[in-house]
Amino acid sequence: MKREEIHIIARHSDWQAGEIDKALKSEVYPKPREWYSFLKWSSLALGATLFLSGVIFFFAYNWQYLHKFGKMGIVAGLLILLILLAVFAPWQTRIKKALLISASVFVGVLFAVFGQIYQTGANAYDFFLAWTIFSVAWVVTARSAVLWLLFGILLNTTYFLYIVQVASMPLREFGLHIGCLLNFGMFLLIHFCPSLFTDHKKARSWLSSLFAMASALLACACFIMGLWDTDKGLLLLISVILAGVTGLSFYIAGISARKLSLVVIVNLMALVCIVSVVLRLSQHQFETGLLLNMLFVPLGLYLMVQHAVRVNKKWKDDGEQVA
Amino acid sequence: MENKLPDWLINSDIRFEEKAILDEYAANERFVGNRALRIFIVIGTFLASTLAFSTVLAMGFYDSPAAMMIIGLAAIGFGLRIHRQRISDVAETFSLTLIFMGFACIPMALPDWNKFIDLNCLILMTLAAGCFIFSRRQLLSFLSVISFLSLFGLWITSKGEPLLLPGFSLVMLCLMVTLSLQEGKWISSYRKFSIHYLPVTLALTIALIAVHYLFTVTTAPVLTENQPVKLLYFSIPNIVFCLYVLHSFSREIGIVNVKQKSLLLGVIAVILLLTLYTPTISISLCLAVLNFRNRYYTGLIVSAISLVIAIGLYYYDMHFTLLTKSILLMTSGAVILGGFLFIHQSGKAHE
């Protein structure tokens, strides 16, 4: 019995306080075993965080006095230790995956230390590129959704730094579009090759939703940019096609895989795009545009919510909703 | 929830209204939606109410306080009316849009805030209280309580009295502790308002954390310059309540032995006394324990994040060298890891 059920019954009955408390204690409140787990894991997390922070601060204090080989040795040594533990230690898979995630982070730390010691003049793009490339092997072998998320962040950071720091003008003009395609590609990869990522359905679900959201955000940004850049008809055409293709793909994927999050993302994309179109068309009459949006947005929103609720209800009745 | 009454209820001596219970089960089934859908509704509602408010401003109504007041009150009234009917998620979105827009319009209709802050706060608090009383869903209930508490906090801050803020924090903490420890008594005494139980506890959690971060942290915003604050007025009640809460839950935790209970309370008291001038730690710890015990994970996550930030700020504000801080961190980390081993061994011994 859940708390909600207890509250509903209590609202419409003469159930006494003592009996309600008994029901809450037996059905809702945590048992001693759960308290024990909570206290145990909280103290481990807090203790480990404080201890590790102390170690990091200790090294930070003494950093300038360490020889350069010492600095590199410590970081490289920790990296090797993490990998050896992940491969050979007789621990649970979850812990080994956590070790690989830490190792991927330490790759970045190693490159940062290297860059600090040997001032090679490399820019941030080079640093993130190296970090991304040298993490690929562990990302693919670990098959951890968290590691794939870290990889996705690194990939996007590397790409956008490339666009800002290195890329030539023609490529820079389509930077957002290519970024959108990059994230859309990751989404398609998760959709068509799910086993590459992780065995956990829920983890795959939130990972694909995150890439879909990133792609949708960039598609909307491209659309708005194309809309307001009146000199470039080609840019607008490409932006419209990109937004249309990504939106349609998410909708079809959402309906076929029964993922309401994708349907919602498409609805949000549509809302943002149409508001932008109305504002653009009425740019010389701002109040008219605002009034049109005020009439359209609530109506559009309510129709979208109604559609999503209906779809959700249908899937719930079929008993097969995914996310 | 199944759409039938549980067998234990049918076979008990409790008098109940069958139709009302089944209607509420059905309504909950209709409204319990997907998380993505709920996020969409919130974003969409915010967007729609922002547009609605912008349109009102663009039409020039902001020049007329009377017009803004009429629009605001009408929007809130109409929104509450639709909300009370509980037709569907779609209607709920529409009602929230109107209520948000109404609340955005009304402050623009009020007189100068510097001169009439008492009156303005009273008007807005009355509206928030009205929304709370008439609300039937958790989101509106939560927003009305948090608005009420924010406005009350604003009013207290404007007075500049040093004891009012700690007093406000103490009242909220008392309310939070009694709500958590006597849930059965509260929902049996105020049956119709039991729907507000979780939103009120979340609002109190957030309000308590906000008050402590705004008025007791050395790096807090400008408000702390105008509001003389004695940190001990916050810390001491927090510590007392923290120990009281742990004492109340000791049986549920599985500690029945007086010696073990005294040891636990002693250790917690020492830790909290060491952080006497950082009341954010004691309040976050107290709220985390209360929310975990009530199995309210939203509140637990908020208080856990607050606890981590509070501990970080505690060490950051220490007037020691980096070397001394690192040794202190390692020592306290090692002590807590020792505590973990002790709990782990005790658990094994019980098995």
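The values are calculated or read from the model by the stated rules, or taken from the named source; none is laboratory data. Keep in mind that what you see is a predicted model, and the values were worked out from it rather than measured. Please note: Cβ atoms are built from the backbone with ideal geometry, for glycine as well, and neighbour counts cover all protein chains shown. When the accessible area is computed, the model is the full protein with side chains, heavy atoms only, and any ligands, DNA or RNA have been set aside. Shrake-Rupley method; radii C 1.70, N 1.55, O 1.52, S 1.80 Å.
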Check your understanding: Looking at B:Ile271, B:Ile283, B:Ile336, which one is within 24 Å of B:Pro199 (Cβ to Cβ) and among the β-branched types (Val, Ile, Thr)?
Key -> B:Ile283
Study note, to complete from the structure: When B:Val335 is run through (1) at pLDDT below 90; (2) under 20 Å from B:Leu181 (Cβ atoms), the failure sits at (2)
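In the range A:140-150, what residues are surrounded by fewer than 21 Cβ atoms within 10 Å (Cβ to Cβ) and either assigned to a helix (DSSP H, G or I) or of a type in the set (Ser, Thr, Tyr) (or both)?
A:Val140, A:Thr141, A:Val146, A:Leu149, A:Leu150
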Check your understanding: How about the range B:291-305: which of its residues are under 12 Å from the mean Cα position of the chain (by Cα) and open to solvent by less than 50 Å² (accessible area, probe 1.4 Å)?
Key -> B:Asn291, B:Tyr296, B:Gly299, B:Leu300, B:Val302, B:Ser303
Study note, to complete from the structure: Those residues of the range B:157-169 which are surrounded by fewer than 18 Cβ atoms within 10 Å (Cβ to Cβ) and assigned to a helix (DSSP H, G or I) amount to B:Ser158, B:Lys159, B:Leu164, B:Gly167
Exercise for review: Determine if the range B:322-344 includes at least one residue that is buried (at least 17 other Cβ atoms within 10 Å of the Cβ), more than 7 Å from chain A (Cβ to nearest Cβ) and under 33 Å from the mean Cα position of the chain (by Cα).
Suggested key: no
Exercise for review: Write out, first by first residue and then by second, each pair whose Cβ atoms fall under 7 Å of each other, whose residues are 6+ apart or on separate chains, and whose first residue, in the range B:314-325, is more than 16 Å from B:Thr278 (Cα to Cα) while the second is open to solvent by 50 Å² or more (accessible area, probe 1.4 Å) and in a helix (DSSP H, G or I).
Suggested key: B:Leu322/A:Phe57; B:Leu322/A:Ala60; B:Leu322/A:Tyr61; B:Leu323/A:Tyr61; B:Lys325/A:Phe57
Practice item. Give, as residue ranges, the helices (runs of 4 or more DSSP H) completely inside the range A:215-323 that count at least 2 residues that are over 29 Å from B:Ser49 (Cβ atoms) and of a type in the set (D, E, K, R). Key: A:286-318
Revision key, fill the gap. Result of the Cβ filter at 7 Å on the range A:126-147, keeping first residues that are within 16 Å of A:Val87 (Cβ to Cβ) and partners that are among the basic types (Lys, Arg), at least 6 apart or interchain, is A:Ala142/A:Lys97; A:Ser144/A:Lys97
Review point. Condition test on A:Leu79, is it surrounded by 16 or more Cβ atoms within 10 Å (Cβ to Cβ), more than 7 Å from chain B (Cβ to nearest Cβ) and assigned to a helix (DSSP H, G or I)?
Key: yes
Review point. Can you name every residue in the range B:205-225 that is modelled with pLDDT under 90, surrounded by 21 or more Cβ atoms within 10 Å (Cβ to Cβ) and not in a loop (DSSP other than H, G, I, E, B)?
Key: B:Phe215
Check your understanding: If B:Arg295 passes every condition in (1) at negative phi; (2) at the interface with another protein chain (Cβ under 10 Å from one of its Cβ atoms) but one, which one does it miss?
Key -> (1)
Exercise for review: Restrict the check to the range A:25-34 and report whether at least one residue is open to solvent by less than 60 Å² (accessible area, probe 1.4 Å) and assigned to a helix (DSSP H, G or I).
Suggested key: no
Exercise for review: Scan the range A:1-47 for residues that are under 30 Å from A:Ser102 (Cα atoms) and within 7 Å of chain B (Cβ to nearest Cβ) and report the count.
Suggested key: 9
Review point. Can B:Val308 be described as within 11 Å of chain A (Cβ to nearest Cβ) and either closer than 30 Å to B:Leu139 by Cβ or open to solvent by less than 30 Å² (accessible area, probe 1.4 Å) (or both)?
Key: yes
Review point. Do we have any residue at all in the range A:273-295 that's under 30 Å from B:Ala26 (Cα atoms) and at the interface with chain B (Cβ under 10 Å from one of its Cβ atoms)?
Key: no
Revision key, fill the gap. Residue pairs within 7 Å by beta carbon, gap of at least six or interchain, first lying in the range A:150-168 and more than 16 Å from A:Leu218 (Cβ to Cβ) and of a type in the set (Ser, Thr, Tyr), second open to solvent by less than 40 Å² (accessible area, probe 1.4 Å) and part of a helix (DSSP H, G or I), listed first then second, are none
Point to revise | Number of positions in the range B:56-94 that are closer than 17 Å to B:Ile43 by Cα and either in contact (Cβ under 8 Å) with a residue 40 or more places away in the chain or loosely packed, with under 14 Cβ neighbours inside 10 Å (or both) | key: 3
Check your understanding: Which residues, taken from the range A:61-74, are surrounded by fewer than 16 Cβ atoms within 10 Å (Cβ to Cβ) and more than 18 Å from A:Val107 (Cα to Cα)?
Key -> A:Asn62, A:Trp63, A:Gln64, A:Tyr65, A:Leu66, A:His67
Exercise for review: Only residues that are over 19 Å from the mean Cα position of the chain (by Cα), modelled with pLDDT of 85 or more and exposed (fewer than 15 other Cβ atoms within 10 Å of the Cβ): list them for the range A:193-238, please.
Suggested key: A:Leu237
Exercise for review: Can you work out which of the residues in the range B:233-262 that are part of a loop (DSSP other than H, G, I, E, B) and of a type in the set (A, V, I, L, M) is surrounded by the most Cβ atoms within 10 Å (Cβ to Cβ)?
Suggested key: B:Ile255
Review point. In this structure, is A:Gly73 more than 7 Å from chain B (Cβ to nearest Cβ) and part of a helix (DSSP H, G or I)?
Key: yes
Review point. Is there a residue in the range A:114-134 that is surrounded by 20 or more Cβ atoms within 10 Å (Cβ to Cβ), of a type in the set (S, T, N, Q) and not in a helix (DSSP H, G or I)?
Key: no
